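What follows is a short report on a single structure.
The values are calculated or read from the model by the stated rules, or taken from the named source; none is laboratory data. Quantities reported herein were computed from a predicted structural model and do not represent experimental measurements. Positions of Cβ are backbone-derived with ideal geometry, glycine not excepted, and every protein chain shown enters the neighbour counts.
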Amino acid sequence: MKHKYLNGWGRLLAVVFGSLALAVAAGWWGMAPLAAETEEVDAFPFLAGFPRTDPSNIEFAGTAVADIDSDGDLEIVTADGRGKVWAFHHTGNVVSGYPLTTKSPNCATSERINGPVAVGNISGDTRPEIAAGTRGCGSASGQRGRVYVWNSQGSTLTGWPKDIAWNSAEPSEAAEVYSVALANVWNGGILEVIAGTNNSAPSFGSAENIDTSNLYVWRADGSAIGSYPTWYKTAGIWGAVATADIDGDGGADTIVGRDHVYVAVYNKNGQPLPNFPLHTPTEHTALGNAWGSYQYGEFTRTAPAIGDLDGDGMLEMVFHGKVRSPGNGHNVTNNGLWVVEPNGTRMAGWENAPLVGDSLYDSFGPMFSVSLGDLGRNGSVEIAVPYADGYLRVYRPDGSLYWSYNYAQGKLLFASEVVIGDVSGDGLPDVVFGTYAPTTADQASIRLIALHGTTGQMISGFPLTLPNESGDKRGLRSAPTLTDLDHDCDVEIVGASWSGVIYVWDLDAPYYWDQMLWPTARHDNQRTGSMTGPRVASYDCNPSRPFDNHVYLPIVGQ
């Protein structure tokens, strides 16, 4: 769906009187339509200087918006499929010294950066650093993926990059870092670097004893923390790590799903919390039953979310995973959702994981992400899940379905991670995400979608098209970012597409920084995946609410 521009008077009246003004401007006064009104065009323009088409394909890297050079302005940071980290000013110009490049020493070319870059102050100075993880070109020493940390001038910190471990049991894979995050793990006031990799081995027989270290925590100088790196039953990490203080000891714990039936939580020393790793049958009563007698979760590409969902002061963990069924040859039959307390029990209302349909397509699947936010601003934290069956579903904390939205509309489309923030200007958070086409069949249907958070209804002016896409990879595979990029006190939406295009849509909704609840990939620029992570906002503008005296009338002539 596309929308039409009204002339100046019509647009003004639309703001004041809502849908009635559309009828007045379009027909009652007998105005001749302007040329723009006779064509289908997107309702919101791009910010001057955008789109940019400099990067190559962007997988799940998304964007971070931060003042990386301490000039008082915000920059856009992203990473691409050729191992480059890009930074753009709000004018669209490339930041001096960028792109940053990566390459393992025994590789002919640089390899992709798959996950979001993390931005935060690791060194303890006054400027942020940038962390990213790469894929290698092979599994031999000097060919494996690496974790890089750069200072704000683009120089690598002393002790970096860090090579990741690999074993010979999976010779067909290239050793790759799929996720990085920053958190105060050691509780020393300085951020550490967390990384998850795909190091794995067959999980049967003696192979289960192979060291497949794939979860790391490093200090700023590159030294390891506690007993990290860690691993469990040789399963790799193809999703995203999350981090928050689950056990209440003051240090951030690491939360992760792997390519098997367990989810895990590790303390600052790299030791699992009591009752973790946790076995995950879909029904909690199946715990302890014989293997092969129940459906179970698998968390290959999960991106868990952390938050206090029930207001009890404890952080719950939400995992979105595939469901395998022994009765169907242990094949994937569904997708599901698990909500777990710090002690490993299921949260009330979530004793049985809600199940939905299987993925629409087996290749180029989405990140199995979860986003959290109080959509009604009534103290209730909702759970937004863009399932791979073509539906976005939003749940209440008691496990009941709040609303759902069919984003695929019969097409072969997947959705990005959801971001949550007010893009309509009504003072309430909205739900924003992109779609992408895993094949070339439905590329014309990719969109940026924004829904009212309390109803799931499309916001006026949306969806928006992605007009600069090209090639066989198109759409938004990674989360957009909600921001006030140019400090003009209205909302911009930044998207980094699979095709390698940086879009910045310039909305006319006022920017309320305190309504940006999950405004970027993994909640924040540190990529914690937790509601306790640092707020990402531009504080230049007054967050006062709009005067709530709306008159809602039916759309006329639409």
Q) Restricting attention to the stretch 193-221, and to residues there that are more than 20 Å from ALA140 (Cα to Cα) and modelled with pLDDT under 95, which single residue is surrounded by the most Cβ atoms within 10 Å (Cβ to Cβ)? A) SER203
Q.
Criterion first (within 25 Å of LEU507 (Cβ to Cβ) and either part of a loop (DSSP other than H, G, I, E, B) or in contact (Cβ under 8 Å) with a residue 60 or more places away in the chain (or both)) does GLY376 satisfy it?
A. yes
Q.
Regarding the stretch 87-108, can at least one residue be identified that is of a type in the set (Phe, Trp, Tyr) and surrounded by fewer than 20 Cβ atoms within 10 Å (Cβ to Cβ)?
A. yes
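Taking the conditions exactly as written (assigned to a loop (DSSP other than H, G, I, E, B), over 19 Å from ILE164 (Cα atoms), modelled with pLDDT of 95 or more and assigned by TED's automatic domain parsing to the domain that holds PRO161), does VAL185 satisfy them or not? If you could, list the steps in order and put the result at the bottom.
Working: assigned to a loop (DSSP other than H, G, I, E, B): yes; over 19 Å from ILE164 (Cα atoms): yes; modelled with pLDDT of 95 or more: yes; assigned by TED's automatic domain parsing to the domain that holds PRO161: yes.
So VAL185 fits the description; yes.
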Q: Report yes if LEU309 is modelled with pLDDT of 95 or more and either more than 26 Å from ASN199 (Cα to Cα) or assigned by TED's automatic domain parsing to the domain that holds TRP498 (or both), otherwise no.
A: yes
Q. Which one is surrounded by the fewest Cβ atoms within 10 Å (Cβ to Cβ) among residues in the stretch 222-272 that are within 22 Å of VAL149 (Cβ to Cβ) and among the aromatic types (Phe, Trp, Tyr)?
A. TYR228
Q: Name every residue in the stretch 345-364 that is modelled with pLDDT of 95 or more and either assigned to a strand (DSSP E or B) or under 21 Å from ALA441 (Cβ atoms) (or both), in order of residue number.
A: ARG346, ASN352, LEU355, VAL356, GLY357, ASP358, SER359, LEU360, TYR361
(Q) Pairs needed: first member in the stretch 509-536, crowded, with 24+ Cβ neighbours inside 10 Å; second member anywhere, of a type in the set (Phe, Trp, Tyr) and in a loop (DSSP other than H, G, I, E, B); C-beta distance under 8 Å; at least 6 residues apart or different chains. (A) ALA521/PHE60
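With the structure loaded, tell me whether ALA408 is of a type in the set (A, V, I, L, M) and out of contact with any Ser or Thr (no Cβ under 6 Å at 6 or more places or on another chain) or whether it fails that test.
Numbers: of a type in the set (A, V, I, L, M): yes; out of contact with any Ser or Thr (no Cβ under 6 Å at 6 or more places or on another chain): yes.
Judged against the criteria, ALA408 is a match.
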**Q.** Answer from SER445, SER416 - the residue that is buried (at least 24 other Cβ atoms within 10 Å of the Cβ), out of contact with any Asp or Glu (no Cβ under 6 Å at 6 or more places or on another chain) and closer than 28 Å to ASP358 by Cβ
**A.** SER416
(Q) For the stretch 159-182, give me the residue count where each residue is of a type in the set (Gly, Ala, Ser), touching a residue at least 60 places away in the same chain (Cβ under 8 Å) and assigned to a loop (DSSP other than H, G, I, E, B). (A) 4
**Q.** So ASN334, is it surrounded by fewer than 17 Cβ atoms within 10 Å (Cβ to Cβ) and more than 18 Å from the chain's Cα centre (by Cα)
**A.** no
